[in-house]
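Reading through the structure tokens given below for one structure.
Any read-out appearing in this document is the output of simple, stated calculations on the displayed coordinates, not a laboratory observation. Please read these numbers as outputs of a predicted model, since none were measured by experiment. Virtual Cβ from ideal backbone geometry, glycine too; neighbours counted across all protein chains shown.
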Amino acid sequence: MIKAIVNVYLKAGVLDSQGKAVHHALDSLGFNSVEDVRVGKQIVLQLNETDREKAMSDAKKMCEELLANTVIEDYNIELV
Amino acid sequence: MKVSILQFPGTNCEYDAEYAFQKLGADTEIIWHKSETIPQDTNLLVVAGGFSYGDYLRSGAIAKFSPVMQAVTTYANNGGNVLGICNGFQVLTEAGLLPGALKRNEGLHFISKHHHLKVQNSDNIFLKELSDGDVVNIPIAHHDGNYYIDDAGLQELEANEQILLKYTDASGNIQNPNGSVASIAGVCNKNKNVFGLMPHPERAMEVVLGSNDGINMLQGFFES
């Protein structure tokens, strides 16, 4: 079993309204050192696979076809 | 005139669409998403609004893999007329039948109210009953209606007259409720047979319910 952790977030340059709202809230709490906030989502995949290369290429395909909308989102994959 | 209306789990505007098109004199049929075909005699395919698959992952993201979507893509690629309203617009962008994507509204709120829209390009079957510059009053009801397309894509939309409608005030001045790029409320594909918009013309069929401007919008599909 290989666990793939997929992070999906809006592309740089695409306005992240949720990130902006969280940033604003942190600011009002006094956390003034925050420069920027991006809100994304994490999808954790348990893959019935032992070949790490295959696991990575499968997870990448899943991102391209479903998990991310590449018009507005970027993703990264971490295998653990 | 035969209008086929798609129904996914979570669709909730299929009966409004049926009411609207029947009022205009069409025969209608509601097509469950498990169907692998759409009726042969379909003149217009409507992807109705709602919350297909609970908007899980992203609005419209799961619906694009429903069995019926293969038939929809074939129908569209063969020149068939397709209209996606609200969640239907989101499904069509996710399926790659329309350019761009719909993001969470800029203000993060669900917006439900009447809004004015200005016709940008009426040289297509959908808006041909209207003229460029006309302003209509149509309900909007969405959380993810913030249209996004990159600069190159926007230029292409403009060059090909693919921008159908923009959010405005009653006088036609830009008034953007949700953060959409260029205040865009609706677009079509390059071939001008696939149309998508966030507002609900099918809910604007009766003056007593606030507006009947939807009649002029939907009538375009009826060949005179």
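At q = 0.07, 0.11, 0.15 Å⁻¹, what log₁₀ I(q)/I(0) does a Debye calculation on the Cα points of the protein assembly as shown give, no solvent, two decimals?
Results for the protein assembly as shown at q = 0.07, 0.11, 0.15 Å⁻¹ read -0.29, -0.69, -1.17.
How tilted is helix A:17-28 with respect to the longest principal axis of chain A? Cα atoms for both, answer in degrees (0 to 90, nearest 10).
Once rounded, one gets 50 degrees.
Does region B:100-204 come out rounded, prolate or oblate, given a ≥ b ≥ c as the square roots of the eigenvalues of its C-alpha gyration tensor, rounded meaning a/c under 1.5 and, failing that, prolate meaning a/b above b/c?
Oblate is the answer for region B:100-204, as a/c is 1.5 or above yet b/c matches or exceeds a/b.
Size of chain B along its principal axes in angstrom, Cα-based, largest extent first?
Extents along the principal axes, in whole Å: 43, 39, 33.
Taking the dipole about the Cα centre of the protein assembly as shown, with the C-beta of Lys and Arg at +1 and of Asp and Glu at -1, give me whichever of B:F222, A:G30, B:G107 is farthest to the positive side.
Looking along the dipole axis, the top candidate is A:G30.
In chain B, if the dipole is taken from +1 on Lys/Arg beta carbons and -1 on Asp/Glu beta carbons about the Cα centre, which of B:G54, B:P139, B:V208 is farthest to the positive end?
Of B:G54, B:P139, B:V208, it is B:G54.
For region A:2-79, with only Lys/Arg (+1) and Asp/Glu (-1) charged at the beta-carbon, what is the dipole magnitude about the Cα centre, in debye rounded to 20?
Computed about the Cα centre, the dipole is about 100 debye.
So if R0 is 41 Å, what FRET efficiency would B:Y19 and A:V80 give, r being the distance between their Cβ atoms, rounded to the nearest 0.05?
With R0 = 41 Å, the Cβ-Cβ based efficiency is 0.20.
Share of antiparallel DSSP beta bridges in the protein assembly as shown, in percent to the nearest 5?
70 percent
Rounded, prolate or oblate, given the Cα gyration tensor of region B:148-220, with a/c below 1.5 counting as rounded?
Taking the square roots of the gyration eigenvalues as a ≥ b ≥ c, region B:148-220 is oblate.
Relative contact order (percent) for region B:59-141, with alpha-carbon contacts under 8 angstrom and 6 or more residues of separation?
Worked out over region B:59-141, it gives 24 percent.
Only Cα pairs under 8 Å and at least 6 apart count here; give the relative contact order of chain A as a rounded whole percent.
Normalised by residue count, the contact order of chain A is 53 percent.
Mind checking which of A:N69, A:V8, A:N48 is farthest towards the positive end of chain A's charge dipole, using Cβ charges of +1 (Lys, Arg) and -1 (Asp, Glu) about the Cα centre?
Of the candidates, A:N48 comes out farthest on the positive side.
Please give, to one decimal in nm, the separation of the simple spin-label points placed at A:M1 and A:S28, each 7 Å out from Cα toward the Cβ.
4.2 nm
With a ≥ b ≥ c taken as the square roots of the eigenvalues of the C-alpha gyration tensor of region B:64-157, please select rounded if a/c is under 1.5 and otherwise prolate if a/b is larger than b/c or oblate if it is not?
oblate
From largest to smallest, what semi-axes in whole angstrom does region A:2-79 give when each is the square root of 5 times an eigenvalue of its alpha carbon gyration tensor?
In descending order the semi-axes read 31, 14, 8 Å.
Cβ under 15 Å from B:L57's Cβ, B:L57 left aside: what net charge do those residues give with Lys, Arg +1 and Asp, Glu -1?
Around B:L57, the surrounding residues sum to -1.
When you look at the Cβ of every residue in A:55-67, what mean number of other chain Cβ atoms sits within 10 Å?
Average per residue, whole number: 1.
How high is the relative contact order of chain B, given as a whole-number percent (alpha carbon pairs under 8 Å, six or more residues apart)?
Answer for chain B is 20 percent.
Using alpha carbons only, how many angstrom separate the centre of region B:164-224 from the centre of region B:68-85?
20 Å
Which value, in nm² and rounded to one decimal, describes the direction-averaged projected area of the C-alpha convex hull of region B:29-109?
Result: a mean projected hull area of 5.5 nm².
Treating only the Cβ of Lys, Arg, Asp and Glu as charged (+1, +1, -1, -1), what charge dipole size does the protein assembly as shown show about its Cα centre? Round to the nearest 20 debye.
400 debye
Only bridges whose two residues both fall in chain B count here: according to DSSP, what percent of them are antiparallel, nearest 5?
55 percent
Mind giving me the nanometre distance, one decimal, between the label points for B:K34 and B:Q70, set 7 Å out from Cα along Cα→Cβ?
1.6 nm
Need the list of lysines near B:K166 for cross-linking: C-alpha distance under 19 angstrom, and skip anything on the same chain fewer than eight residues off.
B:K103, B:K113, B:K118, B:K128, B:K190, B:K192
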